[in-house]
Amino acid sequence: MIIKNLTVRFGAFTAVDDVTLEIPDGAIVGLVGESGSGKSTLARAVSGLVPYTGVVEGVDPSRVQMVFQDPLTSLDPRMTIGASVAEGLRLPRAARQAEVERLLTLVSLPVALAERYPRELSGGQRQRVAIARALGVRPALLIADEITSALDVSVQGAVLNLIRSLREEIGLSMLFISHNLAVVRYVSDVVAVMHRGRLVEAGPTEEVVKAPSDAYTRSLLDAVPRLARS
Amino acid sequence: MRHLLRTPAGIAGTLLVALMVILAIAGPLIWGAEAERIDSAVILQGASAAHPLGTDNLGRDILARVLVAGRLSLTLAMIATLIGATAGVILGALPSVLPRRGARLVTGTVNALVAFPGLLLAMFTAVIAGLGARGAVLGIGAAIAPGFARLTQTLAASVAGADYVAVARMLGVSRWRVMTRHVLPNIAEPLILQLTQVLGGALLALAGMSFLGLGVQPPSFDWGRLLFDGFGRIYATPAVALGPAAAIALAGIGFNLLGDVLARAASRRATPTDAAAGRAVPEVGELGEPDPDAVLEVRDLTVTFPGGVTPVRGLSLTIAPGEIVGLVGESGSGKSLTAAAIGGLVPYPGEVSAGRLRMCGADVRELPEDECRKLLGTSLAMVFQDPMAALNPALKVGGQLAEVATVHQGASRAEAFARAVDRLEHVRIPEPAARARQHPHELSGGMRQRAVIAMGLMGAPRLIIADEPTTALDVTVQREILRLLREVTDETGAATLFISHDIAVIGELCHRVVVMYAGRVVEELPVGELASGAAHPYTRALVASLPDMETDRSLPLASIPGRQPSPAEVPGGCAFADRCELASAKCAELPPLIPYRAGHRVACWEAK
Ligand SMILES: Nc1ncnc2c1ncn2[C@@H]1O[C@H](COP(=O)(O)OP(=O)(O)OP(=O)(O)O)[C@@H](O)[C@H]1O
Ligand code: SF4
Ligand SMILES: [Mg+2]
């Protein structure tokens, strides 16, 4: 799919300014930038949650799914995990149970969790439930908006591994948004950098990380905290 | 239910409402005949021993009539409330379900009705619907509905903004289902609370309608009607009017009190209480002599909350001048409470105990209160994740900084302001004099955090505690703040405790790292050993699960299964045991924090 000349204005303020970005089939495109740079607005526009000008080609808007930063607020606290995952399924009642089990297994969660409530799960588990729910409608594009930012490092790894395995196993196309460059580098095939509503750089991950062409990308790379590994 | 009986208001409300309910059920059964008995010998009497509230124009006993009228009064109030609430909830929910045009129409109507005086609306409806009980009930219902509609709308709007509603919409769930499955169940509680309070109001309003002659008509009678009948005689025989008036007042007060108390209890119930109590095992060991060089020396620090919640368990920590110690651990491990305990900021009802809590050479618990406050005020600088929490949004930045100097150092206002500008410049805020005259909200997030650091630099801080000061900031700004903290530590020689869940940030900034898990220190090591010399399985897993710019992208990342136990259910042994690959039977016993190498201590049975 391709996003062409997408612009989002809120009154006089231009949140996303003429962005053109291709998301090749089965690829993970990482989107980085500081807060307020327009990453989430772009995501919401592509999902049809905010009005925009420009075109999104090659994907049916009803087949775009989004996963949010805080899994606790994106799951209804009063619904069991199973009910949440089943909600979007367009299947006869009899087939739902089996599909819920398949989805939970797909995100490496024990099937028994279907009976539990969101508060009884860890952050990483909840985020995997949110992903399972999104996968239930067989999306053509999955948008992950800061899905690991609210998680502890100790569980972040499992969610990132899942994202990569989903691409390999079911060829999912994905727009992966994060302010954490190391995380984006780890999961993405292509990295795109946004700054003040504009796309300042996009290219294959290793190229952007090793030889950034834009000054802003360079300053982002310089600022990544590094553990001195010997 | 127990909290209802904890406050006088709660007790009074519960008692009054219980009394009214009993009266409504039992009243007509017991006094029904008495209330209807006509006795021409005692017409229109005042209070007497036989008739404590007097009699009416047919010689019926007014006390009995008041006791019997409770049922009709309460029933009518209940029906009116239900009508109003049902209509209100439907009106309030419609805009979320209808297409945009219809939604706007409903919203507009509700807004107009809310602005319309309730009593007029009630009387208007009552007159149209016909005089009598039915008209009054419909009228009051109509008066209640707009308020309920507005409340439903507001509550629904707040839930509609929740991510899970956005998700449901994206999944293609119909608006109607979103309303009934996601929105209504999540706003039911406040609506039900509102119901109790509205019931009290409906009771009063119905009495008012009957009193005006618009409500219940003879031969039926409710409290309002009795008041109406007795009112003409209030100067001659006051008891005949005061009885029904008192009944109305008591019922109204009862329902309002109960509603209030319930609402307050509900808003307090935000945090669930854990039942299981984990035993806090104090770390055994000699306290020894205080370390004379340390700026901060904490031994066996424990923080407990009622119900066996012990988020910090026997923590020990020493920081030397000029040293930056990083405190790292996952969410809920007790980092912030450790900082709060050191700064004397643990919120009620938390309790702090420690074998030793020395700051700048004095044990803060032994100092008289004013000296302690002075010590904390001048020697301790605290920086938090949200700089807005430390800055008063109503005051200009410069004034707030200057206040530190005028209060603690006795500087004049002009001197203090000049120093504030100087400090703002020191933390590299551009145009410091102009910024000092601005309010906090006019500064960017990074600039606000600098201002808070500058505030700490107004005195001569000996200890700086920074709790996640860069978590809310962008990486580029984070880097500048980290650099600033390091410079400040170097030049003031202060000791710094830097708290973060981000081990990479800790690795970049700190000299020494203290790793916390479930309230305890599990490892303490020089920063150089963090990447490859860590001995505790938890620390090692943390380091391994962190992707950085060199991580091999072809391999899966490490991760730790399971979750950290909550502060109420920390087991007696090693708290990490059920997530640990190396765990053995021995780990059911608590591993002590013991020296491992020079400057390196570990609490793990497997660390050799
Ligand atoms: N006022 C309180 N009453 C009861 N429990 C509390 C209270 N304040 C904190 N706790 C509990 O104490 C534990 C430690 O909290 P603390 O804020 O110190 O964690 P933290 O390590 O700073 O986590 P984070 O990384 O999320 O900031 C948590 O489980 C928390 O729920
Ligand atoms: S003490 Fe046992 S369970 Fe705890 S970290 Fe060491 S090996 Fe693992
Ligand atoms: Mg904290």
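Given H placed 1.01 Å from N in the peptide plane, which residues other than close sequence neighbours of B:Arg60 have an amide H under 5 Å from its amide H?
Amide H neighbours of B:Arg60: B:Asp39.
With viscosity set to 1.567 mPa s at 4 °C, what whole-number translational diffusion coefficient in µm²/s follows for the stretch B:42-85 from Stokes-Einstein and a Kirkwood radius over Cα pairs?
Once the numbers are plugged in, D ends up at 110 µm²/s.
Using the C-alpha atoms of the protein assembly as shown, what convex hull volume per residue, in cubic angstrom, is computed?
232
Using +1 at the Cβ of each Lys and Arg and -1 at the Cβ of each Asp and Glu in the stretch B:11-267, identify which of B:Leu91, B:Gly172, B:Thr14 lies farthest towards the dipole's positive end.
It is B:Gly172.
For chain A, what is the mean residue ellipticity at 222 nm derived from helices alone (per DSSP H run of n ≥ 4: -39500 (n - 2.57); sum divided by total residues; nearest 500 deg cm²/dmol)?
Per the formula, -10500 deg cm²/dmol.
Quick one: if the Förster radius is 35 Å, what FRET efficiency do B:Thr476 and B:Arg553 give, using the C-beta to C-beta distance and rounding to 0.05?
0.90
Less than 13 Å Cβ to Cβ from B:His439, Lys/Arg counted +1 and Asp/Glu -1: what total charge do the surrounding residues give?
Summing Lys and Arg as +1 and Asp and Glu as -1 gives +3.
I want to check the label-to-label distance for B:Ala249 and A:Asp25. Put each point 7 Å from Cα in the C-beta direction and report it in nm to one decimal.
Those two pseudo-labels are separated by 8.1 nm.
At 222 nm, what helix-only mean residue ellipticity would chain B give, in deg cm²/dmol to the nearest 500, using -39500 (n - 2.57) for each DSSP H run of four or more?
-16000 deg cm²/dmol
In nm, give the distance between the simple-model label positions of B:Glu581 and A:Arg138, each being 7 Å from the Cα along the Cα-to-Cβ direction.
Result for the modelled spin labels: 3.8 nm.
With the Cα gyration tensor of the stretch B:80-185 giving a ≥ b ≥ c as the square roots of its eigenvalues, does the rule (a/c under 1.5 for rounded; else a/b larger than b/c for prolate; else oblate) give rounded, prolate or oblate?
Since a/c reaches 1.5 and a/b is larger than b/c, the shape of the stretch B:80-185 is classed as prolate.
Of A:Val67, A:Gly88, A:Ser154, whose Cα points farthest to the positive end of the dipole of the stretch A:2-211 (charges on the beta-carbon: +1 Lys, Arg; -1 Asp, Glu; origin at the Cα centre)?
Of the options given, the answer is A:Gly88.
Let me have the relative contact order for the stretch B:1-153, percent, based on Cα pairs under 8 Å that are six or more residues apart.
21
Could the peptides B:54-66, A:107-119 be put in order, highest first, of the mean number of other beta-carbon atoms found within 10 Å of their residues?
Highest mean packing first, the order is B:54-66, A:107-119.
If you keep only loop residues by DSSP, which GluC sites (Glu not before Pro) in the stretch B:287-386 have at most 12 other Cβ atoms within 10 Å of their Cβ?
B:Glu366
What whole number of Å gives the distance from the Cα centroid of the stretch A:4-78 to the Cα centroid of the stretch A:151-217?
Their Cα centres are 15 Å away from one another.
How large is the charge dipole for chain A, taken about the Cα centre, if only the Cβ atoms of Lys, Arg (+1) and Asp, Glu (-1) carry charge, to the nearest 20 debye?
440
With 10 Å bins from zero, work out the P(r) of the stretch B:550-605 over every alpha carbon pair and list the percent per bin.
That works out to 20, 37, 30, 14, 0, in percent per bin.
What's the buried accessible area, both sides, between A and B using a 1.4 Å probe, rounded to 100 Å²?
So the buried area, both faces added, is about 4800 Å².
So for the pair A:Glu120, B:Ala588, with labels modelled 7 Å out along Cα→Cβ, what separation do we get in nm?
Calculated label separation equals 2.7 nm.
If R₀ is 45 angstrom, what is the calculated FRET efficiency for the pair B:Glu366 and B:Glu487, using the beta carbon separation as r and rounding to 0.05?
0.85
Can you list the HN-Hα couplings for the stretch B:349-354, worked out from phi with the Karplus curve (6.51, -1.76, 1.60; θ = phi - 60°), rounded to whole Hz and with x for Gly and Pro?
Coupling constants for the stretch B:349-354: x, x, 10, 10, 10, 7 Hz.
Starting at the first residue of the stretch A:106-117, write each ³J(HN,Hα) from the Karplus equation 6.51 cos²θ - 1.76 cosθ + 1.60 with θ = phi - 60°, in whole Hz, x for Gly and Pro.
Values per residue, Gly and Pro as x: 4, 9, 6, 10, x, 4, 4, 5, 4, 7, 8, 9 Hz.
For a quick check: with amide H placed at 1.01 Å from N, whose amide H comes under 5 Å from A:Val16's, ignoring anything fewer than 5 positions away on the same chain?
Under 5 Å from the amide H of A:Val16: A:Val8.
Hey, if you drop one equal point scatterer on each alpha-carbon of the stretch B:11-267 and run the Debye formula without solvent, what base-10 log of I(q)/I(0) do you get at q = 0.12, 0.14, 0.15 Å⁻¹?
For the stretch B:11-267 at q = 0.12, 0.14, 0.15 Å⁻¹, log10 I(q)/I(0) is -0.75, -0.93, -1.02.
Kirkwood Rh, Cα Rg: Rg to Rh for chain B?
Looking at chain B, the ratio lands at 1.13.
Tell me, what is the Rg over Rh of the stretch B:14-114, with Rh the Kirkwood radius over Cα pairs?
Value, to two decimals: 1.32.
R0 = 22 Å: FRET efficiency of B:Leu345 with B:Asp422, Cβ-based, nearest 0.05?
0.20
So between B:Ala433 and B:Leu82, what do we pick up on full extension, going 0.36 nm a residue minus the alpha carbon distance?
Net length gain for the segment: 120.2 nm.
Using a cut-off of under 20 Å, list every residue of the stretch B:71-96 whose amide N is near the label point 7 Å from the Cα of B:Leu212 along the Cα-to-beta-carbon line.
Within reach of a label on B:Leu212, which here means backbone N under 20 Å from a point 7 Å along Cα→Cβ, the stretch B:71-96 contributes B:73-74, B:76-85.
What list of ³J(HN,Hα) couplings, whole Hz, do you get for the stretch B:288-299 from phi and the Karplus terms 6.51, -1.76, 1.60, once you set θ to phi - 60° and write x for glycine and proline?
x, 6, x, 7, x, 8, 5, 7, 10, 9, 10, 10
Relative contact order for chain B: what percent, with Cα pairs under 8 Å and sequence separation of 6 or more?
11
What ranking of B:His51, B:His501, B:His600, B:His441 comes out by heavy-atom accessible area, probe 1.4 Å, highest first?
B:His441, B:His501, B:His51, B:His600
Using modelled amide H (1.01 Å from N, peptide plane; none on Pro or chain starts), what sits under 5 Å from the amide H of B:Tyr517, excluding residues fewer than 5 places away?
Under 5 Å from the amide H of B:Tyr517: B:Val522.
Looking at A:Ser122, A:Leu135, A:Leu175, which one has the Cα that reaches farthest to the positive end of the dipole of the stretch A:31-176 (charges on Cβ: Lys, Arg +1; Asp, Glu -1)?
Result: A:Leu135, furthest along the dipole toward the positive end.
How much of the accessible area of the stretch B:11-267, in percent, comes from carbon and sulfur atoms when a 1.4 Å probe is used?
For the stretch B:11-267, the apolar C and S fraction of the accessible surface comes to 71 percent.
Share of antiparallel DSSP beta bridges in chain A, in percent to the nearest 5?
50
The values are calculated or read from the model by the stated rules, or taken from the named source; none is laboratory data. Values in this document were obtained by computation on a predicted structure and should not be read as measured data. Cβ atoms come from the backbone with ideal geometry, glycine included; neighbour counts cover every protein chain shown. Side chains are part of the model used for accessible areas, which takes the heavy atoms of the whole protein and leaves out ligands, DNA and RNA. Shrake-Rupley method; radii C 1.70, N 1.55, O 1.52, S 1.80 Å.
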